[in-house]
4 protein chains.
Amino acid sequence: MNETLILLIHCPDREGLVASVTALIRGFAGNIVDLDQHVDASRRVFFMRVEWTPRDAGPEAVGRFEETFAAQVAAPYQMHWRLERASRRPRVAVFVSRYGHCLYDILARWESAEWPIDIPLIVSNHRDLEAVAARHGIRYEHVPVTGATRPEAEQRQIGLLHEAGVDLVILARYMQIVSPAFIDAMKGNVINIHHSFLPAFAGGQPYHAAHQRGVKIIGATSHYVTADLDAGPIIAQDVATVSHKDSVEDMVRKGRDLEKIVLARAVYAHLRHEVLVFDNRTVVFD
Amino acid sequence: MNETLILLIHCPDREGLVASVTALIRGFAGNIVDLDQHVDASRRVFFMRVEWTPRDAGPEAVGRFEETFAAQVAAPYQMHWRLERASRRPRVAVFVSRYGHCLYDILARWESAEWPIDIPLIVSNHRDLEAVAARHGIRYEHVPVTGATRPEAEQRQIGLLHEAGVDLVILARYMQIVSPAFIDAMKGNVINIHHSFLPAFAGGQPYHAAHQRGVKIIGATSHYVTADLDAGPIIAQDVATVSHKDSVEDMVRKGRDLEKIVLARAVYAHLRHEVLVFDNRTVVFD
Amino acid sequence: MNETLILLIHCPDREGLVASVTALIRGFAGNIVDLDQHVDASRRVFFMRVEWTPRDAGPEAVGRFEETFAAQVAAPYQMHWRLERASRRPRVAVFVSRYGHCLYDILARWESAEWPIDIPLIVSNHRDLEAVAARHGIRYEHVPVTGATRPEAEQRQIGLLHEAGVDLVILARYMQIVSPAFIDAMKGNVINIHHSFLPAFAGGQPYHAAHQRGVKIIGATSHYVTADLDAGPIIAQDVATVSHKDSVEDMVRKGRDLEKIVLARAVYAHLRHEVLVFDNRTVVFD
Amino acid sequence: MNETLILLIHCPDREGLVASVTALIRGFAGNIVDLDQHVDASRRVFFMRVEWTPRDAGPEAVGRFEETFAAQVAAPYQMHWRLERASRRPRVAVFVSRYGHCLYDILARWESAEWPIDIPLIVSNHRDLEAVAARHGIRYEHVPVTGATRPEAEQRQIGLLHEAGVDLVILARYMQIVSPAFIDAMKGNVINIHHSFLPAFAGGQPYHAAHQRGVKIIGATSHYVTADLDAGPIIAQDVATVSHKDSVEDMVRKGRDLEKIVLARAVYAHLRHEVLVFDNRTVVFD
């Protein structure tokens, strides 16, 4: 299989952006296999994702492309950009608490090669899922967290993540707040699953709140984690119907299926480099 | 077509409720065609909807059933109940503002006999849709409303509703608050459509708020109107997917289709006597 | 509001296609507001939709763009292409039989200016909906059709369509087969709504068949009409859940809402020039 | 927790059915916690599921209830019926081929106690998933199947199932036909997941067929297995949207999530004794 390169861009909207980018790729003998662009008309911001197979995918050729792009295209248009290689295998850490359904689902996708990732590390504030990690041969670190010990606990977590060379942290129903320092250490590459249709029922106990309100639809939301709890940029959401017959426990059960699927969709889009964040919202080129 | 009777009940849960009700119906030679019951286990409340064809549907026979039921079943079990005749044609008033999509949809369902109702009255705080009413031969009353004139405006509206013998008011994107006095005058038979997935984005401008938050799904909610704005018992909800490509205007457009369909589902359930309200939540036996 | 131009292209996939198109648009001082492209990797076909605001939208400037594009880009790359003006108001004819729900919905969208179209003509093989057309001031032509008279009936229909300058025919539950000659006369611009989730339950009586099979979900499908009945390129589909409680009549009722919404989505995509057809499938750039 | 009993009934529709059943339960001091009934008006068949907590759940008391019910209610009304104890733990065998996603999902639900079942046996015509079974300590039997050896292979499978005391077989993407003899040996308790929205794309390669047809929605269907391939009574279905961007491989990937969720819903309804089969269709009292 040929290597493909993926370029993600956002910048102030101007004439000639698509033509400039595609001309340069063409100049480097690249064959575009996918191009998606979007203009946020109200904010006058341009977003683009372009994927191509270069004739030469060696580090030198790609380095030269990057230099030329930076100088001739990115700088004059004030672009924020990054270039990704489709072949690079991300290293992912999963953070869990006591609920296993999202972890089981992630491990199944990893083991069956649905996701081309490595999982060097599972971190939890409890020991409940240690055996699950063990049987997959994945390191499991039990890092208890209390309000008082959070700073030290996070320092230990950040150390573990750096040591394991982790690119992405998945909070798989981790149920703990993470600090801005933690998010910074991961350069924002922290994805959470919230068990409600945000912004409805933010905070804890969303199924209880949904039951109390008598809604007819419940949801789940996967988002990048930001300092503002439950308010990060949304990557994926989905819903399921409920009725008066559903107790809180039924909602929790139906919600589990939503949560694992929505989290998986968000992670997959991230792994494919399909997500751009701007002004606390995502552009998902799927 | 035979007449069918519909009995709606809620009461404290006890043993023998279903048997008592069905035995009495049987005693009156009724053939049950549909029976749905639900126990809210956490609140220990029993809900039931039973529909049957009586051998004799004349007013005397039905009157005798009601008396016997009240004395022998409802009283000992402390039931709240009502008996409806499927053949009775509800009289419906539609309240609108400037947006026509829900009104058009309601009129189409009425004219094509999808809904067995009469629409003697359309009320609006604007004149925009007067011609639509006129061409269907429906009385259109323009009742301007301002903060200062609301009490008199509502008095006039209530007078119009009573005069026209209206059973149900549909707020079809009416965009005005109605007072507790108005709701009481209609005995709670006021259904609204809110253009968001409540409780997310309650209040005005929900599509702007949804766009700002970057949600991936928008919704609409139909509910009985209560004194607490946007907090009444939810009858129906539905959602549609959106993406970064959708501007506020796109969301408004997609939302219109949601709104009219969700409102129609809620009204239909109400017209079929499938909805029970208890403690600000609905039981919808559909 | 500025004029926007829309270019739709498909051709064999080659390097440099996006760059060539966008460079030419840039050369004519156009500002791209939307660009979507897709490569069907298995067939090696390239699809593109690009929308831009030209500095000069006058007929001469646009004519020069077309000539240059045809010679310098389209010819060398063997492109199939068309250029549309967003400001051009399509002329639409609606064909109906006895069911009014899709017609009502279309007229509401037209009257409320949701769709920027003209509707000069409604054609039907029955007189049932004549009054609906009359009250909107739209010409209604009753053209009875039997197996024996179909050819003459279609000749009359084609005459009416040409006379009214119609661009698009919507078969809004028309329930009659149309011939290849009719489709050719409309250059393929004929959109139908089928009341099933095609290819399941093709042919007549799909709700009866769905009920008989005991499916838990019903659907509707909107497609371009081709000579092969119910097998044309699908533009839009949607579904609704059903249960054992739903009789055939309930399915028909739920299906009506699906049909009108799905048909409207397909027509809207067509009106916005978002649909490309290739090899009996659609690319819908929405 | 109290024991609950579940009675499932179908019989010709007659007056007094609900009253007779509920009166008897009341006579045995049972408190009904859930009752659902349905009349198929076109076939005049009555269906009922009733769940109650008996004062005495001992084998003698329940035995007496069964005898009395059989004689006094079931016989005069010609009922087909069965009585289930909610506390009884079903024994489930999972049949797989090479695809693991449904098996992973089932094992996660079992291990996390979401499903109160035992899984004594996994059977496969391949060895691929043997290690997955081993790490959960579940017996894995490799039973190769070819057209010629199917009868002997099935005899061996039936022997294994009887030996393990299996109540329910889940075909978790097993990809092999099972014979009427096999289905009989399991008394019809065989649930399959088909990777299409049946009846569309029955048979093999449904995603290829769906891609070829250009559908905009794909689905999955879980059904009881009958002699007629892919035509058994449908228990659950769900769908996901696709577009021109989705290759066959994308559909397969999206379909995996559908398949495992839909299969799980069907199995859960079966485990809760919510499914009645009549005339190749299901009544699902959920």
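Taking beta carbons within 10 Å but only from partner chains, what does the mean come to for residues A:19-25?
On the way: counts 12, 4, 3, 10, 7, 1, 4.
Partner Cβ neighbours, averaged per residue: 6.
Note on the protein assembly as shown: Cα convex hull, mean projected area over all directions, 48.6 nm². Against chain A, whose longest principal axis comes from its Cα atoms, helix A:17-27 is set at around 70 degrees.
So for the stretch C:1-137, considering every pair of alpha-carbon atoms, how many percent are separated by more than 17 Å?
For the stretch C:1-137, the share of Cα pairs beyond 17 Å comes to 66 percent.
Chain B has one residue whose beta-carbon comes closest to the axis relating it to chain A; that residue and its distance in whole Å are B:A200, 2. Partners of D:K254 within straight-line reach, counting lysines whose Cα lies under 24 Å from its Cα and excluding those fewer than 8 residues away in the same chain: A:K254, A:K260, B:K216, B:K245, C:K216, D:K216, D:K245. Using a simple spin-label model with pseudo-atoms 7 Å out from Cα toward Cβ, B:I177 and A:A148 lie 4.8 nm apart. A point 7 Å from Cα along Cα→Cβ stands in for A:R150, and the other copies hold the same point at 4.1, 6.2, 7.2 nm, listed in rising order.
Indicate the gyration tensor shape class of the stretch A:76-163 (rounded, prolate or oblate), computed on the Cα atoms with a ≥ b ≥ c the square roots of the eigenvalues: a/c under 1.5 is rounded; otherwise a/b larger than b/c is prolate and the rest oblate. Because a/c hits 1.5 or more and a/b fails to exceed b/c, the stretch A:76-163 counts as oblate.
Spacing of the modelled spin labels on A:H80 and A:R213, each 7 Å from Cα toward Cβ, amounts to 3.0 nm. For the Cα atoms of chain C, what angle does the longest principal axis make with the long axis of helix C:59-69, in degrees from 0 to 90, nearest 10? So the helix axis and the longest Cα principal axis differ by about 80 degrees. If a spin label sat at a point 7 angstrom from the Cα of A:R156 along the line to its beta carbon, the backbone N atoms of the stretch A:76-107 nearer than 20 Å would be those of A:93-99.
Site-free segments of chain D were taken between trypsin sites (Lys or Arg not before Pro) in DSSP loops having at most 10 other Cβ atoms within 10 Å, sites themselves excluded; the longest one is D:45-186.
If you average 1/r across every pair of different Cα atoms in the stretch C:185-286 and take the reciprocal, what Kirkwood value do you get, in Å?
Numbers: mean 1/r = 0.0717 Å⁻¹.
Result for the stretch C:185-286, one decimal place: 13.9 Å.
Name the shape class, rounded, prolate or oblate, that the alpha-carbon gyration tensor gives for the stretch D:123-199, where a ≥ b ≥ c are the square roots of its eigenvalues, rounded holds for a/c under 1.5, and otherwise prolate holds if a/b is larger than b/c and oblate otherwise.
Details: a/c = 1.32, a/b = 1.15, b/c = 1.16.
Since a/c stays below 1.5, the shape of the stretch D:123-199 is classed as rounded.
What accessible area per residue, rounded to a whole number of Å², is obtained for the stretch D:146-286 using a probe radius of 1.4 Å? Please list the in-between numbers first.
Numbers: 5070 Å² over 141 residues.
Computed with neighbouring chains in place, this is 36 Å² per residue.
Taking a probe of 1.4 Å and counting only protein heavy atoms, give the total accessible area buried between chains C and D in Å², rounded to the nearest 100.
Looking at C and D, the buried total is near 2700 Å².
On the basis of the beta-carbon distance and an R0 of 22 Å, B:T68 and B:A29 show a calculated FRET efficiency of 0.95. Between copies, the label points at A:D184 (set 7 angstrom from Cα along Cα-to-Cβ) are spaced 5.9, 7.3, 7.4 nm, reported in nanometres from shortest to longest. Remark on the stretch C:189-204: accessible area falls by at least 50 square angstrom from chain-alone to full-complex state for C:F197, C:P199, probe 1.4 angstrom. The fraction of Cα-Cα pairs per 5 angstrom bin, counted from 0 for the stretch B:5-85, comes to 3, 15, 30, 27, 16, 7, 2, 1 percent, rounded to whole percents.
With the simple model of a label 7 Å out from the Cα in the direction of the Cβ, D:S42 to A:E249 spans 3.8 nm.
Given a Förster distance of 41 angstrom, what is the FRET efficiency for B:H126 paired with D:A61, based on the Cβ-Cβ distance and rounded to 0.05? Walk me through the numbers before you get to the answer.
On the way: r = 68 Å, r/R0 = 1.67.
E between B:H126 and D:A61, to the nearest 0.05, is 0.05.
Using a ≥ b ≥ c from the Cα gyration tensor of chain C (square roots of the eigenvalues), is it rounded, prolate or oblate, where a/c under 1.5 gives rounded and otherwise the larger of a/b and b/c decides, a/b for prolate? Prolate shape, in that a/c is at least 1.5 and a/b is the bigger ratio.
Relative contact order, percent, of chain C when contacts are C-alpha pairs under 8 Å separated by at least 6 residues?
Working: 492 pairs, mean separation 41.1, N = 286.
The value is 14 percent.
Summing Cβ point charges (Lys, Arg +1; Asp, Glu -1) relative to the Cα centre of the stretch A:5-85 gives a dipole of roughly 120 debye. Sorted shortest first, the distances from the B:S42 label point to those of the same residue in the other copies are 3.6, 3.9, 4.8 nm; each point sits 7 Å from Cα along Cα-to-Cβ.
Using the Cα centre of the protein assembly as shown as the reference point, and only Cβ charges (+1 on K/R, -1 on D/E), how large is the resulting charge dipole? Debye, rounded to the nearest 20. Don't jump to the answer; show the numbers that get you there.
Working: 124 positive and 140 negative charges, 0 e Å.
Once rounded to the nearest 20, the dipole reads 0 debye.
What separates the Cα centres of the stretch D:73-142 and the stretch B:88-123 is a distance of 52 Å. Any chance you could give the angle, 0 to 90 degrees and rounded to 10, that helix A:101-111 forms with the longest Cα principal axis of chain A? Rounded to the nearest ten degrees, it is 40. Working note: 222 nm ellipticity from helices only, DSSP H runs with n ≥ 4, each -39,500 (n - 2.57), summed and divided by the residues of the protein assembly as shown, gives -9500 deg cm²/dmol to the nearest 500. A Förster radius of 45 Å combined with the Cβ-Cβ distance from D:Q205 to D:H136 puts the calculated FRET efficiency at roughly 0.90.
Would you work out the relative contact order for the stretch D:9-63, in percent, from Cα pairs under 8 angstrom that are 6 or more residues apart? Let's see the in-between values first.
Details: 65 pairs, mean separation 21.3, N = 55.
Dividing the mean separation by the residue count of the stretch D:9-63 yields 39 percent.
The values are calculated or read from the model by the stated rules, or taken from the named source; none is laboratory data. Note that the coordinates shown come from a computational prediction; the quantities given were computed from them, not determined experimentally. Ideal geometry is used to build each Cβ from the backbone, glycine not excepted, and the neighbour counts take in all protein chains shown. Heavy atoms of the whole protein, side chains included, go into the accessibility calculation; ligands, DNA and RNA do not. Shrake-Rupley method; radii C 1.70, N 1.55, O 1.52, S 1.80 Å.
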